[in-house]
Structures are given as structure tokens and as C-alpha cells.
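Before any comments, here is the structure.
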Amino acid sequence: MRNTQDENGPVPPGEAGMRLGQHRADTADVQEHASSLPQWALQYEQLSQGVFQGRVEHIALPGAYMVRETMNRSVRQRGEIGRHMYGFAMVLEPDGQAICNGQRFGAGALLVGRGDDLDLCNSGASQIGAFSVDCDVVEELSQRIFDRPVAPWLDQQLAVAVDPAVAQSLRAQLQQAFAVARAEDQPAAGTPQGMARMRDETLLAFLDSLPLRADTSHLKSIALRRRIVHRAREMIMQRPDDPPSLPDICRHVGASLRKLNYCFQDIVGMSPARYLRVLRLNAVRSQLRAGHRQCGGVHDAAARWGFWHLGLFAADYRRQFGELPSRTLALRQAAGTAGG
């Protein structure tokens with residue numbers, strides 16, 4: 001991480017996000033971005049081309065986390081934000097867009113549900129606010145304030161349309177929470193009582209915006225499309241040095257090329273051919289960033305992921321990440337030497 005700090009000054013990378021309060025990390029790579037959220041188990045893949053720049057701002061609350069992510073590239077996030085947590089997320093720009101588990105949503109919608117199976121793609125430059133809360137805290141507040149348990153459909157993940165004024169109010173509340181957390185003239189906000197109050201007020205605002213009932217009938221077909229995309233991705237990862245053709249993948253997943261295409265468009269927002277190549281480029285970058293002793297050099301890393309023409313690979317890699325693969329490896333080696 002290049003720049004990690006909280007309200008008390010610089011924070012060592014291992015401590016970022018692990019104590020009560022706020023931290024911020026400016027990032028230059030999607031893996032670096034993911035590692036700045038150690039409390040969430042997420043894998044990131046850079047989908048759109050160019051140099052990545054991001055920022056993660058995080059507030060640790062009692063039984064909850066609040067995150068504001070800013071990224072200048074389209075990224076796929078896969079994993080979980082907590083098996084025993086409910087998640088609430090929204091795009092923070094008025095014209096922002098994202099896809100989560102095959103559901104497209106913009107500034108007029110909330111993404112809500114269990115945090116154990118997240119698959120989120122932002123569209124280009126974006127800022128997303130997320131709030132994950134322990135299930136017991138959500139249940140207790142719902143019973144205490146509304147005198148009812150949480151809606152059963154929250155055990156799934158659903159994009160829910162809300163009134164524009166309500167959406168704007170929720171965005172403002174999230175933005176205000178980060179402003180309060182870093183304000184030096186409001187020390188009470190950093191106390192356990194102040195943090196619990198911030199958690200409850202934010203949670204209450206989200207719960208109050210949700211309908212008691214929601215249509216989940218479309219989730220079954222979305223799950224089938226996600227399964228096809230997952231099996232195709234798995235096939236690539238299992239035979240990295242011999243990338244299968246699209247007809248091979250179609251036979252493996254039991255889908256026509258047309259069906260494979262619309263499944264990928266629905267889940268990751270791009271064609272299967274493009275995504276699977278981007279996936280392999282991300283895998284090479286991950287290996288190069290792991291260090292020389294693990295990757296064996298640029299040629300070995302490229303060959304391991306089925307890139308046999310080094311010149312074409314280097315040009316494709318540079319378009320995707322804004323630097324040559326040799327530069328990625330050199331920076332990692334320099335960082336390793338500096339770190340002792």
C-alpha cells in the first residue's frame with residue numbers, strides 16, 4: 001500500500017482497518033486495493049484498460065464496517081464481505097452504474113443482502129459506498145425499532161429500486177459519515193458510543209428505505225448464468241498454459257456460443273473472449289507482482305498462462321495495465337530489495 005493513514009496518523013499496513021476508527025489507502029493496483037480491505041475476502045480483476053488508480057476509505061464500527069471505494073477503472077470483485085453479515089451498497093455518483101450477481105443497478109437503487117457471495121463489477125470510473133453489519137445487530141435493531149424481524153428476502157442479494165430522494169439522502173448520509181470520521185473537531189465520533197451511534201443511525205436509514213416484500217423470481221435464472229460464467233472461468237484457471245477455445249468452453253458448460261455470450265454480458269459486462277483474455281492477463285500480473293523467485297521472469301509467467309508470442313503479449317499487457325510486464329516485475333523486485 002502506498003499511502004495508508006487514519007485519524008491518528010500513519011498506520012502500518014498490517015494494522016490498516018484492524019482497529020476502531022478510519023483509515024485511507026491510495027492504491028495503484030487492484031491487488032493492492034483488495035489487500036487494503038483485510039476484513040473482507042475479495043479477489044479483484046481489472047477489466048478495463050489503463051493505469052489503475054484507486055482509494056479505499058474505511059471506518060471500523062462495532063460489529064460493522066463502512067467502506068467508500070473510488071476506482072478509475074472497471075473492476076470485478078469476487079468473494080465475501082462476511083458470512084454472518086448483511087451488506088448494503090450503492091453507487092455514490094448520480095450517473096454511476098454497476099453489475100452485482102447479474103443485476104444492473106445505478107444511483108437509484110440499493111444492493112442489499114447476505115455478504116457471503118459477492119460478484120460486483122463497476123462500470124469504468126466509479127465510487128461505491130458499502131456498509132456491512134453483523135446479522136445479529138441488524139436483527140436486534142429491526143425488532144427494537146420496527147417490532148419485526150428483517151425481511152426474509154434479505155437472505156439473498158437483491159438490487160432494490162428506491163425513491164430518488166431517499167437514494168440521495170442515503171448517499172449524503174454515507175458521505176457525511178466519512179466527513180465526521182476524519183473531522184478533528186468531533187472527537188466524540190471516535191468513541192465506542194459515538195461509533196455505535198453512527199452504526200445504528202446509518203443502519204436505521206437503510207432498513208427504513210427497504211420494502212417489506214420484494215420480487216426475487218428473477219434470481220434463479222441469474223444464478224444459472226452465473227454458474228455458466230463460473231464454470232468457464234474455472235476451466236481457464238485449471239489449464240492456464242493451454243487456453244481452451246470458445247467451442248471447447250461451450251461444450252464444457254453445455255451452452256451455445258450465443259448463450260455463453262449473453263451470460264458473460266449479463267454477469268461481467270463484456271464478451272467471453274475478451275473477459276477470459278483479461279483474466280489471463282490479470283493472472284500474469286499477479287504472478288509478476290509475487291516476485292522473481294515465484295514467477296521465474298516475464299517469459300515464464302507469460303508462458304504459464306498461454307501467451308507464447310512475447311512481443312504480442314507485452315503489447316497487450318501494456319494496453320491493459322499501462323506498463324510493460326518487465327516494469328511490473330522490476331518494481332516488485334525493487335520493493336522486495338527495499339523491504340530487506
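For every residue, the table says whether it meets (1) outside the structural domain of residue 308 (by TED's automatic domain parsing); (2) part of a loop (DSSP other than H, G, I, E, B); (3) under 21 Å from the mean Cα position of the chain (by Cα); (4) at pLDDT 95 or above.
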site: 168; (1), (2), (3), (4): yes, no, no, no
site: 236; (1), (2), (3), (4): no, no, no, no
site: 255; (1), (2), (3), (4): no, yes, no, yes
site: 261; (1), (2), (3), (4): no, no, no, yes
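Within the stretch 79-102, can you find the residues that are farther than 26 Å from residue 38 by Cβ and surrounded by 20 or more Cβ atoms within 10 Å (Cβ to Cβ)?
102
List pairs: first residue in the stretch 111-122 and within 15 Å of residue 134 (Cβ to Cβ), second residue of a type in the set (S, T, N, Q) and assigned to a strand (DSSP E or B) anywhere in the structure, Cβ distance under 6 angstrom, at least six positions apart or on different chains.
Every condition considered, the pairs that remain are 113/157; 115/132.
Yes/no matrix, rows are residues, columns are (1) surrounded by 12 or more Cβ atoms within 10 Å (Cβ to Cβ); (2) of a type outside the set (A, V, I, L, M, F, W, C):
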residue	(1), (2)
206	yes, no
210	yes, no
214	yes, no
217	no, yes
221	no, yes
227	yes, yes
231	yes, yes
238	no, yes
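Of all residues being of a type in the set (A, V, I, L, M, F, W, C) and within 23 Å of the chain's Cα centre (by Cα) in the stretch 124-146, which is surrounded by the fewest Cβ atoms within 10 Å (Cβ to Cβ)? Just the residue, please.
So the residue we want is 125.
What pairs come out if I take residues in the stretch 298-323 that are under 21 Å from residue 238 (Cα atoms) and not assigned by TED's automatic domain parsing to the domain that holds residue 49 and pair them with residues that are of a type in the set (S, T, N, Q) and buried (at least 18 other Cβ atoms within 10 Å of the Cβ) whose C-beta lies under 8 Å away, six or more apart or interchain?
Partner pairs satisfying both residue conditions: 301/287; 304/287; 305/287.
Identify, please: which residue in the stretch 263-276 is buried (at least 18 other Cβ atoms within 10 Å of the Cβ) and over 19 Å from the mean Cα position of the chain (by Cα) and is, among those, nearest to residue 47 (Cα to Cα)?
Looking at the filtered set, the residue picked out is 272.
So which residues in the stretch 293-324 are modelled with pLDDT under 90 and surrounded by fewer than 14 Cβ atoms within 10 Å (Cβ to Cβ), if there are any at all?
293, 294, 296, 297
With the requirement that a residue be of a type outside the set (Lys, Arg) and within 17 Å of residue 223 (Cα to Cα), what does the stretch 86-104 give you?
99, 100, 101, 102, 103
If you take the residues in the stretch 37-88 that are at positive phi and assigned to a strand (DSSP E or B), which one is modelled with the highest pLDDT?
By that ranking, first place goes to 79.
Can you find, within the stretch 17-39, the residue that is surrounded by the fewest Cβ atoms within 10 Å (Cβ to Cβ) among those that are of a type in the set (A, V, I, L, M, F, W, C) and free of Cβ contacts under 8 Å to residues at least 60 places away in the same chain?
18
Could you list, ordered by first residue, the pairs with Cβ atoms under 6 Å in which the first is in the stretch 71-83 and in contact (Cβ under 8 Å) with a residue 12 or more places away in the chain and the second is part of a strand (DSSP E or B) and acidic (Asp, Glu), at least 6 apart or interchain?
Close Cβ pairs satisfying both conditions: 76/45; 78/119.
The values are calculated or read from the model by the stated rules, or taken from the named source; none is laboratory data. The shown structure was predicted, so the numbers you read here are calculated from the model rather than taken from an experiment. No Cβ is skipped: glycine too gets one built from the backbone with ideal geometry, and neighbour counts run over all protein chains shown.
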